[in-house]
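> Sharing a structure here in structure tokens format.
None of the figures in this text is laboratory data; all of them are computed from the coordinates on show. Values in this document were obtained by computation on a predicted structure and should not be read as measured data. Backbone-built Cβ (ideal geometry, glycine too); neighbour counts: all protein chains shown.
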Amino acid sequence: MRNVFHYVLGAAGILSMACSHTGGGNPPTPEATRPAPDSFLVAMETSRGPITLAIHRDWAPNGVDRFFYLLQHRFFDDARFFRVVKGFVAQFGLPADPGLVQSLNLTPLPDDPVQHSNLRGTISFAHAGPGTRSTQLFINLGPNAGLDACCRAGFAPIGEITQGVELIDLLNGEYDGDDGPDQDSIRVEGNGYLIRSFPRLDYIKQARIEKEWR
């Protein structure tokens, strides 16, 4: 369980600015505040190829609503998989442009009860304890059922990869470890820091809502 705490809880323990930001910036457009559908598909084009995600609101409604909102703002476009631990998780959710965080009115997410296990290919929000989820997520690269009841709040999956799951094994994990990307530096400089210091990180080219069911 040490890896769980170090990589998903401990390494995400410094809360993102988005988590504590409660005002300022431009108000979102009506289109960008519409409620999430019951389920939807996300076409995620990565540096390793296309991945399709099926997102299920009944798995974790608070998390799905936030993910849907971020997708409408193109929050993940050009964002790096800044932490990849082979066989464990691939973490993302700090935007390429740190100014994007300041333009959104985000508060910490209420916790969702874990309704589905962290199986290989599922996607969940990272957190630093109860009531601290914000914008960071991870893809489970292996079967991580130990995360279901971990860290006082558990990690509630919001969906799963339905196409392209084999590509997650190709995500670059060479920067894993103490000398890997620093989250504070990502928050301040965004991709400027990551491209300069960790040029071979894989990334999300774009992520778009492809189909909805209500």
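> Can you pull out the residues in the stretch 73-89 that are of a type in the set (Phe, Trp, Tyr) and either surrounded by fewer than 18 Cβ atoms within 10 Å (Cβ to Cβ) or within 17 Å of Leu100 (Cα to Cα) (or both)?
Phe75, Phe76
> To continue, here is another question. Please work out which one of (1) under 26 Å from Tyr69 (Cβ atoms); (2) without any contact (Cβ under 8 Å) to a residue 60 or more places away in the chain; (3) part of a helix (DSSP H, G or I) is the condition Arg196 fails and give its number.
Going through the list (1) under 26 Å from Tyr69 (Cβ atoms); (2) without any contact (Cβ under 8 Å) to a residue 60 or more places away in the chain; (3) part of a helix (DSSP H, G or I), Arg196 breaks only (1).
> Among the residues of the stretch 100-108, is any touching an Asp or Glu at 6+ places or on another chain (Cβ under 7 Å) and crowded, with 18+ Cβ neighbours inside 10 Å?
There is no residue in the stretch 100-108 that is touching an Asp or Glu at 6+ places or on another chain (Cβ under 7 Å) and crowded, with 18+ Cβ neighbours inside 10 Å.
> Which of the residues belonging to the stretch 120-137 are of a type outside the set (S, T, N, Q), in a loop (DSSP other than H, G, I, E, B) and in contact (Cβ under 8 Å) with a residue 60 or more places away in the chain?
Ala126, His127, Ala128, Gly129
> Considering only the stretch 154-182, how many residues are in contact (Cβ under 8 Å) with a residue 40 or more places away in the chain, part of a loop (DSSP other than H, G, I, E, B) and over 11 Å from Ile123 (Cβ atoms)?
Here the count works out to 9.
So that you can scan it fast, the table gives a plain yes or no per residue for (1) of a type in the set (Gly, Ala, Ser); (2) out of contact with any Phe, Trp or Tyr (no Cβ under 8 Å at 6 or more places or on another chain); (3) under 21 Å from Ser47 (Cα atoms); (4) surrounded by fewer than 20 Cβ atoms within 10 Å (Cβ to Cβ):
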| position | (1), (2), (3), (4) |
| --- | --- |
| Leu137 | no, no, yes, no |
| Pro157 | no, no, no, no |
| Leu170 | no, yes, yes, yes |
| Gly177 | yes, yes, no, yes |
| Arg187 | no, yes, no, yes |
| Leu194 | no, no, yes, no |
